[in-house]
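**Student:** Just passing along the structure, written as structure tokens.
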Amino acid sequence: MQDGDDHGPDAPVDAPVRKIIHVDMDAFYASVEQRDDPSLRGHPVAVGGSSRRGVVAAASYEARKFGVRSAMPSITAKRQCPGLIFVPPRFEVYRDISHQIRAIFRDYADEVEPLSLDEAYLDVSADRAGLGSATATARLIRRRIREETGLTASAGVSYNKFIAKLASDQNKPDGLTVIPPGKGAAFVQTLSIRRFHGIGPVTSAKMEGLGVFSGADLAGKDPMWLAENFGNSAEWLYNLARGIDHRRVKSNRPLKSLGGERTFFNDLITDTEIREALAHVCTVVWDRAAKKGARGRTVTLKLRYADFRTITRAKSVPSPILDGNSLLAAGEAILAPLLPTEQGIRLLGVTLSKFEGEEDDEEDSAAAPADLLSLI
């Protein structure tokens, strides 16, 4: 993206042309472990606990070939990849490297918006380094990361955040993808709807049930149809299908809370079903917390009953929660007095909050309507 690029049909006429880079480290936690222990290189590695109740926090690319993914129960990962090597997480190390990488970002961008320890948006519209283009800036940043940390990063370069993030995932690992103004809509419309950032599995499944499988399918739906099926999310979805995203890169927004919830097709009735659902949601929430290096002290449980009555209960612990088992234990302590239930549970959610300091920033709350941000 050179200076002076036209807005293209994807941007409003009077909008300034932004130059956004999304940088995403490649298999960050696992790559750090392979860097620091040469015996792990070339082998399938999972960062996380290997116990029956353990969870994979991150997987190397060698492990991903076997279908091993973050948030997967360790016992499942081991079944899929018998040669999988488990390594305990070292969050202090990951955090230190993340700070080192962010220092590189700030040499080139006035606005840096971290999403987690291993990814961030950069607004390089001002071309502080005088490199002439966002693409040249992204190349230099990736080279410096490799030289100074021994790790690789992928980057997406575009005129808005949504497309830059999609682009960074296009040629992983160690890839660079540039989507210039005027090409955004065409790029977005080639992608599966499941690639869209902000559209979770539940919403994508609903879309597929309605015949929407790709960005092109979504672009073919008019605003009235979108409003009938997705309510206040209609305008947001209409814009995404056309490569439109007006959000700015914003620095220094502290993480306040993170969580996840699951709505069930059939109401949960038995204590066993409800506890199993709690364990699953806690696994997903802890994966997010671990990825961000966030340690919270307050756990909030949300239950919605069959009659749509919704309750929340919270519990704070004296010191930050350090692992998924501790999060689950806190959730079970909240849940226990609510069992057995008089009626079925149709939704269960868990939120972690009261974090140490202001370690990481979260995605802009305007990125997507809350009902589309389900983690399950």
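The values are calculated or read from the model by the stated rules, or taken from the named source; none is laboratory data. All of these numbers come straight from a predicted model, not from anything done at the bench. Counting neighbours? That spans all protein chains shown, and the Cβs are built from the backbone with ideal geometry, glycine included.
**Student:** Need pairs with beta-carbon distance below 7 Å; first residue at positive phi and surrounded by fewer than 19 Cβ atoms within 10 Å (Cβ to Cβ) and within segment 180-208, second assigned to a helix (DSSP H, G or I) and among the small types (Gly, Ala, Ser); sequence gap 6+ or separate chains.
**Tutor:** Matching pairs, first to second residue: 198/367.
**Student:** With respect to residue 32, is the statement that it is part of a strand (DSSP E or B) and either farther than 18 Å from residue 152 by Cβ or under 20 Å from the mean Cα position of the chain (by Cα) (or both) true?
**Tutor:** On the way: part of a strand (DSSP E or B): no; either farther than 18 Å from residue 152 by Cβ or under 20 Å from the mean Cα position of the chain (by Cα) (or both): yes.
No.
**Student:** Identify the residue in segment 69-81 that is out of contact with any Gly (no Cβ under 6 Å at 6 or more places or on another chain) and part of a helix (DSSP H, G or I) and, among all such residues, is modelled with the lowest pLDDT. Steps first, answer last, please.
**Tutor:** Of the residues in segment 69-81, the ones out of contact with any Gly (no Cβ under 6 Å at 6 or more places or on another chain) are 69-73, 75-79, 81.
Filter once more, keeping what is part of a helix (DSSP H, G or I): 75-79.
On the way: 75: 90, 76: 93, 77: 94, 78: 94, 79: 95.
Taking the candidates together, the pick is 75.
**Student:** Hey, does segment 189-210 have a residue that's under 19 Å from the mean Cα position of the chain (by Cα), farther than 23 Å from residue 113 by Cα, aliphatic (A, V, I, L, M) and assigned to a loop (DSSP other than H, G, I, E, B)? Lay out the reasoning, then the answer.
**Tutor:** Of segment 189-210, the ones under 19 Å from the mean Cα position of the chain (by Cα) are 191-205.
If we keep only those that are farther than 23 Å from residue 113 by Cα as well, we get 191-194, 201-205.
Among the residues that remain, those that are also aliphatic (A, V, I, L, M) are: 191, 193, 202, 205.
From the residues that got through so far, the ones that are assigned to a loop (DSSP other than H, G, I, E, B) too are 191.
Yes, because at least one residue in segment 189-210 is under 19 Å from the mean Cα position of the chain (by Cα), farther than 23 Å from residue 113 by Cα, aliphatic (A, V, I, L, M) and assigned to a loop (DSSP other than H, G, I, E, B).
**Student:** With (1) within 19 Å of residue 119 (Cβ to Cβ); (2) at pLDDT 95 or above; (3) out of contact with any Gly (no Cβ under 8 Å at 6 or more places or on another chain); (4) not acidic (Asp, Glu) as the list, and residue 252 as the residue in question, which single condition is left unmet?
**Tutor:** (2)
**Student:** Still on this structure, please answer the following. From 205, 216, 136, grab the single residue that is within 29 Å of residue 109 (Cβ to Cβ) and either in contact with a strand residue (DSSP E or B) (Cβ under 8 Å, 6 or more places away or on another chain) or of a type outside the set (D, E, K, R) (or both). Please lay out each step first, then the result.
**Tutor:** Values: 205 fails: within 29 Å of residue 109 (Cβ to Cβ); 216 fails: within 29 Å of residue 109 (Cβ to Cβ).
When all the criteria are applied, what remains is 136.
**Student:** Here's another thing I want to ask about it. Would you mind stating whether residue 46 is at pLDDT 95 or above and not in a loop (DSSP other than H, G, I, E, B)? Steps first, answer last, please.
**Tutor:** Numbers: at pLDDT 95 or above: yes; not in a loop (DSSP other than H, G, I, E, B): yes.
Here the answer is yes, as residue 46 does meet what is asked.
**Student:** If I filter segment 156-175 down to residues being more than 14 Å from the chain's Cα centre (by Cα) and among the charged types (D, E, K, R), which single residue comes out as surrounded by the most Cβ atoms within 10 Å (Cβ to Cβ)?
**Tutor:** The extreme case among them is 172.
**Student:** List the residue pairs whose Cβ atoms are under 7 Å apart, where the first residue sits in segment 215-234 and is in contact (Cβ under 8 Å) with a residue 24 or more places away in the chain, the second is assigned to a helix (DSSP H, G or I) and among the polar types (S, T, N, Q), and the two are 6 or more positions apart or on different chains.
**Tutor:** Matching pairs, first to second residue: 215/189; 216/189; 219/189.
**Student:** Let me ask another. Criterion first (at pLDDT 90 or above, assigned to a helix (DSSP H, G or I), among the polar types (S, T, N, Q) and under 29 Å from residue 197 (Cβ atoms)) does residue 312 satisfy it?
**Tutor:** Working: at pLDDT 90 or above: yes; assigned to a helix (DSSP H, G or I): no; among the polar types (S, T, N, Q): yes; under 29 Å from residue 197 (Cβ atoms): yes.
For residue 312, the condition - at pLDDT 90 or above, assigned to a helix (DSSP H, G or I), among the polar types (S, T, N, Q) and under 29 Å from residue 197 (Cβ atoms) - is not met.
**Student:** Sticking with this one: Within segment 88-104, count every residue that is surrounded by 22 or more Cβ atoms within 10 Å (Cβ to Cβ) and in contact with a strand residue (DSSP E or B) (Cβ under 6 Å, 6 or more places away or on another chain).
**Tutor:** Qualifying residue count for the region: 0.
**Student:** If you don't mind, another one. So which residues in segment 315-324 are in a loop (DSSP other than H, G, I, E, B) and either modelled with pLDDT of 90 or more or of a type outside the set (S, T, N, Q) (or both)? I'd like the intermediate steps shown before the answer.
**Tutor:** Filtering segment 315-324 for residues in a loop (DSSP other than H, G, I, E, B) gives 317-323.
Scanning segment 315-324 gives 317, 318, 320, 321, 322, 323.
**Student:** Give all pairs with beta carbons closer than 7 Å in which a residue from segment 347-361 that is at pLDDT 50 or above meets a residue that is among the acidic types (Asp, Glu); count only pairs at least 6 apart in sequence or on separate chains.
**Tutor:** Qualifying pairs under 7 Å: 347/261; 348/261; 349/261.
**Student:** Could I ask something else about it? For residues that are surrounded by fewer than 19 Cβ atoms within 10 Å (Cβ to Cβ) and in a helix (DSSP H, G or I), scanning just segment 280-308, find the one that is modelled with the lowest pLDDT.
**Tutor:** Top of the filtered list is 288.
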